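Here's the structure we're looking at; comments come further down.
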Amino acid sequence: MKKIITYILLIIVITMQSAVANEETLILFDTSLSMADDINGMPKYQLATEATKEFLDTVPESKYLGLRIIGIIPDNNILSYMLQPELLCKATRLIVPISVSNTKNIKSSLDTLMPLGTTPLIYSIDASVNHDFSSSVTLRHIILVTDGIDECGGDLCEYIKILKRKNINIKIDIIAIGPDAEELAQLRCLTEGT
């Protein structure tokens, strides 16, 4: 069952599913520069942080959780990225490896983030799928927290088809912060294709 919730222009798209034994969940959090834009006087990244923390409050400590950041510029070294703009489309980093009892670590990490960079969604999802989950996991569950689409030229609808052909058991849910109709359609491909 698909569910769309609107809260002060905060749109959350979540696909409801039953719990799977041996599931690991990774929060993929967008820290691109557009997340600094305001919605009703509040920066998108603050809305995203609050929504993510509210989700974390519902998660049992026994759940395997981790956090990867999209658009992060290591050490806020903007100059190196200006000199090598191709690096922006590879700007992602696992900052809290998947483990049990991780909600406090994830919450404190969210409090340190600043929006910079761009949004390499496909590159970040690929990095997550290929590097962040244990090899024995039955279901890779990604909760994508973002305000838009891949800014590095990728097509999310085509990407998810390619990913599914690889027979990777993956589920992507989305917390979408103020996307327009076109961006929301692209993001829906991720949830509906998994």
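The values are calculated or read from the model by the stated rules, or taken from the named source; none is laboratory data. Every value quoted in this text rests on a predicted model; they were computed, and no experiment measured them. In this analysis, Cβ positions are derived from the backbone assuming ideal geometry, glycine residues included, and neighbour counts consider all displayed protein chains. All accessible areas refer to the heavy atoms of the entire protein, side chains included, with ligands and DNA or RNA removed. Shrake-Rupley method; radii C 1.70, N 1.55, O 1.52, S 1.80 Å.
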- Can you tell me which of Asp155, Asp126, Asp150 is among the charged types (D, E, K, R), touching a Leu at 6+ places or on another chain (Cβ under 6 Å) and farther than 18 Å from Pro43 by Cβ? Asp150
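Table: residues versus (1) loosely packed, with under 12 Cβ neighbours inside 10 Å; (2) of a type in the set (Asp, Glu); (3) modelled with pLDDT under 90.
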{"residue": "Thr15", "(1), (2), (3)": "no, no, yes"}
{"residue": "Ala21", "(1), (2), (3)": "yes, no, yes"}
{"residue": "Ile27", "(1), (2), (3)": "no, no, no"}
{"residue": "Leu33", "(1), (2), (3)": "no, no, yes"}
{"residue": "Ala36", "(1), (2), (3)": "no, no, no"}
{"residue": "Lys44", "(1), (2), (3)": "no, no, no"}
{"residue": "Thr49", "(1), (2), (3)": "no, no, no"}
{"residue": "Asp57", "(1), (2), (3)": "yes, yes, no"}
{"residue": "Ser62", "(1), (2), (3)": "yes, no, yes"}
- How many residues, within the range 153-191, are over 24 Å from Asp38 (Cβ atoms), touching a Lys or Arg at 6+ places or on another chain (Cβ under 8 Å) and either open to solvent by less than 30 Å² (accessible area, probe 1.4 Å) or not polar (S, T, N, Q) (or both)? 4
- Task: State which residue is modelled with the lowest pLDDT when the search covers only the range 64-86 and only residues that are open to solvent by 70 Å² or more (accessible area, probe 1.4 Å) and among the charged types (D, E, K, R).
- Result: Asp75
- Query: Which members of the range 119-131 meet the condition of being open to solvent by 20 Å² or more (accessible area, probe 1.4 Å) and of a type outside the set (A, V, I, L, M)?
  - Reply: Tyr123, Asp126, Asn130, His131
- Item | Check on Ser134, in contact (Cβ under 8 Å) with a residue 60 or more places away in the chain and surrounded by 21 or more Cβ atoms within 10 Å (Cβ to Cβ) | no
